[in-house]
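Heads up, the thing below is written out as structure tokens.
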Amino acid sequence: MVHSDWGDWLPTAIEAANPDGVAVWYLGCNGFVLKGEDGTTLFIDPYLGTGDPPRTIRMIPVPFDPRDVTEADAVLATHEHVDHVHGPSQAPILAETGAQFYAPDDSVAVARGEEAWDDNYAVDTAQYNEIEEGDSFEVGEFTVHVEPAHDPDATHPVSYVVEHDAGTIFHGGDTKPSDEFARVGSEYDIDLGIMAFGTVGNVPDKETREPKRTRWYNDENQIVEAASDLQVDRLLPSHWDMWKGLTADPKVLHHHAKSFTHPRRLEVVEIGDRVDVTGE
């Protein structure tokens, strides 16, 4: 059961919005909502859990109860980790709205098998869609391209390039720089690039619970390297707010990015904030 700190104001605001182009809301962690001007709504990696204290401790509010979401066309997952595929966060959205779930094989395996969303949350098995690198699919006014990701901690990570008439958005999940990104950057004109950013910290080991030096996300140099290869106009760092011991200050990226042609602009947002892609 998910208990929201904020009530239903955020999903209500999203559903009431009439964007000129695409509106993008940051849900904290690596979660985002994309809504187009025709009303198509995508959720990417929404996570409303509190982690596994004392190993992983959530540092930000839980922004909504997934049962309060009444409008969604698709939920996308980038990889199988619990803060990217999470039954209590995502399955109620699918059950309430009839949205489709798109994810790589190991992520779908969590939903179908380990967490049994179709049994425990009344999700229809027809809502599962297994995707892989090179695939493209349509969701309303969006075209979603599945591209590689480089996340050594995941078994099958992917990234998404979401195209709309107003612009193109890249969501890398927890990717670090990849040899594929120069190609991706040349094939798409990416207006907004979303990538995970954080520090190196001590996190209790999953088995021994002893503190272990942990790097899950890009550091300052890695995220700018990836953004440069992808040729993103605007870089939006995510995940920096989430876990105790791995939080970071995204404002420092101004110093790291200023000598590069890309990214041209840094978008620093907090949980609940909205940015827009308008094609201007």
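The values are calculated or read from the model by the stated rules, or taken from the named source; none is laboratory data. Keep in mind that this is a model prediction, so the values were computed, not measured. With ideal geometry, Cβ positions are generated from the backbone for all residues, glycine too; neighbour counts draw on all protein chains shown.
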inquiry  = So the check is Cβ under 8 Å with 6+ separation or different chains; which pairs have a first residue in the stretch 213-239 that's on the phi > 0 side of the Ramachandran plot and a second one that's of a type outside the set (A, V, I, L, M) and part of a helix (DSSP H, G or I)?
reply    = Gln231/Gly185; Gln231/Ser186
key: Glu114 vs. criteria out of contact with any strand residue (DSSP E or B) (no Cβ under 7 Å at 6 or more places or on another chain), free of Cβ contacts under 8 Å to residues at least 24 places away in the same chain and within 26 Å of Val62 (Cα to Cα)   = yes
Residues of the stretch 137-194 satisfying the condition of being part of a loop (DSSP other than H, G, I, E, B), crowded, with 19+ Cβ neighbours inside 10 Å and within 17 Å of the chain's Cα centre (by Cα) = Ala149, Asp151, Ala154, Pro157, Gly172, Gly173, Asp174, Thr175, Pro177, Ile190, Asp191
task = Kindly indicate which of Glu138, Glu132, Glu114 is farther than 23 Å from Glu71 by Cβ and modelled with pLDDT of 95 or more.
result = Glu132
ask   = What's the number of the condition Pro92 fails, among (1) assigned to a helix (DSSP H, G or I); (2) closer than 19 Å to Tyr160 by Cβ?
value = (2)
ask   = Which members of the stretch 101-122 meet the condition of being of a type outside the set (A, V, I, L, M, F, W, C) and surrounded by fewer than 18 Cβ atoms within 10 Å (Cβ to Cβ)?
value = Asp105, Asp106, Arg112, Gly113, Glu114, Asp119, Asn120
remark   = Among residues of the stretch 40-57 being surrounded by fewer than 17 Cβ atoms within 10 Å (Cβ to Cβ) and of a type outside the set (Val, Ile, Thr), the residue farthest from the chain's Cα centre (by Cα) is Pro54
